[in-house]
Amino acid sequence: MRVCVIGTGYVGLVTGACLAHIGHDVICVDNNEEKVKIMKAGQSPIFEPGLSEIMQDAIQNGKIKFTTDLAAGVKHGDILFIAVGTPPLPTGESDTRYVEAVAKEIGTNLNGDGYKVIVNKSTVPIGSGDWVRMIVLDGVAEDQKNLVPAGGAPSGDELSKYSAAFDVVSNPEFLREGSAVYDTFNPDRIVLGGNNPKAIAMMKELYDPIVERQHAEDKSQPPVPVLVTDLSSAEMIKYAANAFLATKISFINEVANICDRVGADVTQVAKGIGLDSRIGNKFLNAGIGWGGSCFPKDVSALIHTADDYGYEAQLLKSAVSVNERQRLIALEKLQQVLKILKGKTVGLLGLTFKPDTDDLRDAPALNLIEQLNRLGAKVKAYDPIISQTGMRHGLSGVVVETDAERLADGCDALVVVTEWEQFQTLDYGKMAQLMDHPVVIDGRNFLNPETMVRFGFQYVGVGR
Ligand SMILES: NC(=O)c1ccc[n+]([C@@H]2O[C@H](COP(=O)([O-])OP(=O)(O)OC[C@H]3O[C@@H](n4cnc5c(N)ncnc54)[C@H](O)[C@@H]3O)[C@@H](O)[C@H]2O)c1
């Protein structure tokens, strides 16, 4: 099928490359010329395991093209994905101005090229499906308006009269940064929200190879469940999923804080409750709180939507406040061990909000750097990706070292901020010797306490 993906960030580029990989003809559009230049050269502007490889294959097979020309993308695609960012506004609402700009431009470029499905892949507030339809219609040129049917695309022969007919479908994205390509080929479910069976049928055809697990790691699994809903329910599913996961982490963090006080070990508690199939063992790792580009903004946006409709989302507000407090837990633990932080040197192991990504958006490390600076501590950091890229130059208040031993040199304490797999096998014996005080605050409960003590460290975990 012919596909256009508008916005080539973590979601758009992965979606475009994966759809090209399974045989569709994809044009990816971005208004960032620099990014487009990089992608045209077969390189991924983001770090995501496996992405460059499938991009390069798709380029070689002529299945994917990159451009800044949105008009060309709209002309090409029967299915047009909107995958631009929806960052948070200071009020907690989502900033939908990029979606609005793209929807309008799609409208301007609907020139009788046949029926199109416009897909909201960006996480957008509930009600955005109808809103996008309205904005697209606003953009349609006066002399093209008679090509767009009023009140949604008709089915059957009627449709052929309207060569600029379109429908909006909500197709929320659930990929995790760091395993985005894997998640796209091995999804737990595909959610399609829309009113017109024709649009839903096209979306099902698009995803069929994925639904049939032709590119899955385990091809013997039953087909991927496809849930078809109305527009608002699909939009709500995305927010509810992220709000649930964020709340689950805040829950275990609260349990960890109680464990710290009563002398229980939260890692054992998590194992004990996680074996209950009603609870499940995922998202039960206590630590320094959730961050990243999605959880904080999506939970805030849902709270805000509830507020708009006269409902106070108390549980979600508590999940947020537990998280805000949790993000300072490493600081508290540093103060307990080192007392005065002024004049001390603290080394952060990891900067990104989770491993296997280069994404620093709303990363707990940034909070920690700011607070440590405020208290007069010197902050150094080592991150397997950030240390090797130009991204380190954009950071202030922190010296980014190129390896873990340089990080340890002269430190009064280390803090594990991101659970990069590489951090399991560092030469901690040597690092302890290089430090002024061999203290490690394990903000992710990632290291083995006994091993760290054997290496000469004072080990402090979260709730253990
Ligand atoms: N990052 C994730 O893990 C994730 C997961 C699920 C859902 N989402 C949602 O998907 C959406 C995209 O997120 P992301 O992390 O990929 O964002 P991003 O910021 O990484 O990428 C957005 C891209 O859109 C481009 N863009 C902006 N305006 C444009 C325009 N007018 N025309 C063309 N391109 C334009 C930007 O240049 C950028 O490359 C958001 O709504 C987000 O909430 C993200």
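The values are calculated or read from the model by the stated rules, or taken from the named source; none is laboratory data. Because the structure is a prediction, the values reported are computed rather than measured. Ideal geometry is used to build each Cβ from the backbone, glycine not excepted, and the neighbour counts take in all protein chains shown. Remember, those area values only see protein heavy atoms, side chains included, never the ligands or the DNA or RNA. Shrake-Rupley method; radii C 1.70, N 1.55, O 1.52, S 1.80 Å.
Summary of values
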{"read-out": "Long-range amide H partners of residue 348 with built H, under 5 Å", "value": "380, 381, 382, 415"}
{"read-out": "Cross-link pairs 333/354; 37/63; 297/378 - those with Cα-Cα distance over 27 Å", "value": "297/378"}
{"read-out": "Candidate lysines for bridging to residue 430, where Cα separation is under 19 Å - those fewer than 8 sequence places away on the same chain excluded", "value": "380"}
{"read-out": "Over the chain: helical MRE at 222 nm, DSSP H runs n ≥ 4 each giving -39500 (n - 2.57), nearest 500", "value": "-12500 deg cm²/dmol"}
{"read-out": "The chain: angle of helix 51-60 to the longest principal axis, Cα-based, in degrees nearest 10", "value": "30 degrees"}
{"read-out": "Only Lys, Arg (+1) and Asp, Glu (-1) charged, at Cβ; the stretch 14-68 dipole about Cα centre in debye", "value": "120 debye"}
{"read-out": "Lys/Arg +1, Asp/Glu -1 at C-beta; the chain dipole; positive extreme among 292, 456, 46", "value": "456"}
{"read-out": "26 Å Cα-Cα reach of residue 161 towards lysines, excluding residues that sit fewer than 8 places from it in its own chain", "value": "75, 104, 116, 145, 198, 204"}
{"read-out": "Whole-number accessible area per residue in Å² for the chain, which is evaluated in the context of all protein chains at 1.4 Å", "value": "44 Å²"}
{"read-out": "Isotropically averaged projected area of the stretch 327-460, using the convex hull of Cα atoms (one quarter of hull area), nm²", "value": "6.8 nm²"}
{"read-out": "Kirkwood Rh in Å, taken over all unlike Cα pairs in the stretch 2-229", "value": "17.8 Å"}
{"read-out": "Overall Cα dimensions of the stretch 237-325, principal axis frame, Å, largest first", "value": "42, 27, 24"}
{"read-out": "Partners for residue 65 among aspartates and glutamates (Cα-Cα distance below 17 Å; same-chain residues under 8 apart left out)", "value": "25, 30, 33, 34, 53, 57, 78"}
{"read-out": "Radius 10 Å from Cβ of residue 59, net charge of other residues (Lys, Arg +1; Asp, Glu -1)", "value": "+2"}
{"read-out": "Rounded if a/c under 1.5, otherwise prolate or oblate - the stretch 32-79, Cα gyration tensor axes", "value": "oblate"}
{"read-out": "Signed unit charges on C-beta, dipole axis of the stretch 1-95, positive-most listed residue 32, 12, 55", "value": "55"}
{"read-out": "Degrees separating the helix 231-262 axis from the principal Cα axis of the chain, which is the longest one", "value": "10 degrees"}
{"read-out": "Accessible surface of the stretch 2-229, 1.4 Å probe, proportion on carbon and sulfur as whole %", "value": "49 percent"}
{"read-out": "Dipole magnitude (debye, nearest 20) for the stretch 2-229, charges at Cβ of Lys, Arg, Asp, Glu", "value": "200 debye"}
{"read-out": "Formal net charge of residues neighbouring residue 349 (Cβ-Cβ distance under 11 Å; K, R +1; D, E -1)", "value": "-2"}
{"read-out": "Relative contact order (%) - the stretch 58-178, alpha-carbon pairs under 8 angstrom, separation at least six", "value": "27 percent"}
{"read-out": "Three semi-axes of the equivalent ellipsoid, the chain, Cα gyration tensor, whole Å, largest first", "value": "44, 23, 20"}
{"read-out": "Tilt relative to the chain, helix 97-108 - C-alpha long axis, 0 to 90 degrees, to 10", "value": "20 degrees"}
